[in-house]
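A short write-up of the structure that comes next.
The values are calculated or read from the model by the stated rules, or taken from the named source; none is laboratory data. This is a predicted model, so every value here is computed, not measured. Using ideal geometry, Cβ is built from the backbone for each residue, glycine included, and neighbour counts are taken over all protein chains shown.
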Amino acid sequence: MSKTWGQVKTEVKSALKTTFWGTIIYGGGLVIIAFGIYLSGAADKLLSLRHSSTITAKSDAGDEASGFLTGVSVQFSLQGESPPDATFWIVDDKDIDRCSGYVQCFHTFDFDPNPDLGQVESFRRVDVFFRDGPTYHVLSKHFTVKNFRVASAKVEGRAISMTVSPPPSSDWILRTVSLGKFESGQFKPPIISNVAVPSLDKSDPSKRHVILEQSLFGKLGVTFGRGFDPEASKGITAYFDYENSAGKKLQTVKDLTSQVKELQNTPESIK
């Protein structure tokens, strides 16, 4: 009996979590311990780990050689001779559903609140599982990531309060804060620009404090009150645009999906 793509994805994701720990480094190259799982009936195909496709990554604030910053959009691409029939992406053992079906995935590495003592850089894993004709394949790659907290966010009354940290290694100044959405596998251009005026954080002058009022999210299609649509909060993103003394610009982003959903559920919002 043939299985749906969703069923196959669930089975493979479960298999990846247990078998990818078999990955070892040998002689400077990545050796993946081969494994196979049956995917459907008598016509099953073993999961193939050999394929001519590759994973590439690029960003406005880093590359594969120098590494990437947490909170900065990275474009991952599945490069191959022919487009696959289906794809889904896994980053740091988390299924990135919002990129499912796309050969390109825009994503930000999450801040690690519990890094090893003194560790600023770490290796993060990206896996892409895809189907090429009747055969399923998986590719894996590690990337160097520099860990820093872009922003912390919490709901306060009818607003979201954020403490925003500047990127490291330069005299970055926060110029604008905007709101937009992550849709169709990518960060869309901001829908609302200059949504708030950043103020100094009293506990740390190097950081900025930003308040996002509930009314702003209504302009992004988010509904509040009785009968609100919880799906409308998906992909809501804050964009932080920086500039340094040399005129270089950098943008970091913060996913606010969970905070907006919490804001929808507050007693103040439901009234």
Residues of the stretch 205-245 satisfying the condition of being touching a residue at least 60 places away in the same chain (Cβ under 8 Å), touching a Ser or Thr at 6+ places or on another chain (Cβ under 6 Å) and closer than 14 Å to Val177 by Cβ: Tyr239, Phe240, Asp241
Residues of the stretch 147-165 that turn out to be surrounded by fewer than 20 Cβ atoms within 10 Å (Cβ to Cβ), in contact (Cβ under 8 Å) with a residue 40 or more places away in the chain and closer than 23 Å to Gly62 by Cβ, as a count: 3
Check on Ser140, farther than 29 Å from Asn244 by Cβ and of a type in the set (S, T, N, Q): yes
Is it fair to say Arg175 is closer than 30 Å to Gly218 by Cβ, in contact (Cβ under 8 Å) with a residue 60 or more places away in the chain, charged (D, E, K, R) and not assigned by TED's automatic domain parsing to the domain that holds Leu216? no
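Given the condition at positive phi, not assigned by TED's automatic domain parsing to the domain that holds Ser206 and not acidic (Asp, Glu), answer yes or no: does some residue in the stretch 134-148 qualify? Don't jump to the end; show me each part of the working.
Going residue by residue through the stretch 134-148, those that are at positive phi are none.
Looking through the stretch 134-148, none of the residues is at positive phi, not assigned by TED's automatic domain parsing to the domain that holds Ser206 and not acidic (Asp, Glu).
Would you check if there is a residue in the stretch 105-115 being farther than 27 Å from Leu256 by Cβ and either at pLDDT 80 or above or of a type outside the set (A, V, I, L, M) (or both)?
Taking the stretch 105-115 as the starting set, the residues that turn out to be farther than 27 Å from Leu256 by Cβ are none.
No, every residue in the stretch 105-115 fails to be farther than 27 Å from Leu256 by Cβ and either at pLDDT 80 or above or of a type outside the set (A, V, I, L, M) (or both).
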Just to verify a result, which residue in the stretch 62-81, among those that are buried (at least 20 other Cβ atoms within 10 Å of the Cβ) and of a type in the set (A, V, I, L, M), is nearest to Gln251 (Cα to Cα)? Val72
Have a look at Ser206, Ser178, Ser169, Ser245 and point out the one that is part of a strand (DSSP E or B) and surrounded by fewer than 13 Cβ atoms within 10 Å (Cβ to Cβ). Ser206
So Val222 clears everything in (1) assigned to a loop (DSSP other than H, G, I, E, B); (2) at pLDDT below 90; (3) out of contact with any Gly (no Cβ under 8 Å at 6 or more places or on another chain) except one condition, right? Which one? (2)
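So, Pro84, is that one surrounded by fewer than 21 Cβ atoms within 10 Å (Cβ to Cβ), touching a strand residue (DSSP E or B) at 6+ places or on another chain (Cβ under 6 Å) and not assigned by TED's automatic domain parsing to the domain that holds Phe182 or not?
On the way: surrounded by fewer than 21 Cβ atoms within 10 Å (Cβ to Cβ): yes; touching a strand residue (DSSP E or B) at 6+ places or on another chain (Cβ under 6 Å): yes; not assigned by TED's automatic domain parsing to the domain that holds Phe182: yes.
Considered against the rule, which asks whether it is surrounded by fewer than 21 Cβ atoms within 10 Å (Cβ to Cβ), touching a strand residue (DSSP E or B) at 6+ places or on another chain (Cβ under 6 Å) and not assigned by TED's automatic domain parsing to the domain that holds Phe182, Pro84 comes out as yes.
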Applying the selection to the stretch 147-191, what residues are aliphatic (A, V, I, L, M) and out of contact with any Pro (no Cβ under 6 Å at 6 or more places or on another chain)? Val150, Ala151, Ala153, Val155, Ala159, Ile160, Met162, Val164, Ile173, Val177, Leu179, Ile191
Hey, does the stretch 235-242 have a residue that's more than 28 Å from Ile96 (Cα to Cα) and in a loop (DSSP other than H, G, I, E, B)? no
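So is Val260 closer than 30 Å to Phe88 by Cβ and assigned to a strand (DSSP E or B) or not? Before you say what the answer is, go through the steps one by one.
Details: closer than 30 Å to Phe88 by Cβ: yes; assigned to a strand (DSSP E or B): no.
No; evaluated as a whole, the condition is false for this residue.
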Yes/no for Phe130 being out of contact with any Pro (no Cβ under 9 Å at 6 or more places or on another chain), closer than 28 Å to Asp63 by Cβ, touching a residue at least 12 places away in the same chain (Cβ under 8 Å) and of a type outside the set (Lys, Arg): no
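Where in the stretch 57-166 are the strands (runs of 3 or more DSSP E), entirely inside, with at least 3 residues that are aromatic (Phe, Trp, Tyr) and more than 13 Å from the chain's Cα centre (by Cα)?
Details: elements: 74-79, 86-91, 94-96, 104-107, 121-132, 135-146, 151-156, 159-164.
Where strands (runs of 3 or more DSSP E) fall fully within the stretch 57-166 and carry at least 3 residues being aromatic (Phe, Trp, Tyr) and more than 13 Å from the chain's Cα centre (by Cα), they are 121-132.
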So is Gly185 of a type outside the set (Lys, Arg) and either in contact with a Cys (Cβ under 9 Å, 6 or more places away or on another chain) or modelled with pLDDT of 90 or more (or both) or not? yes
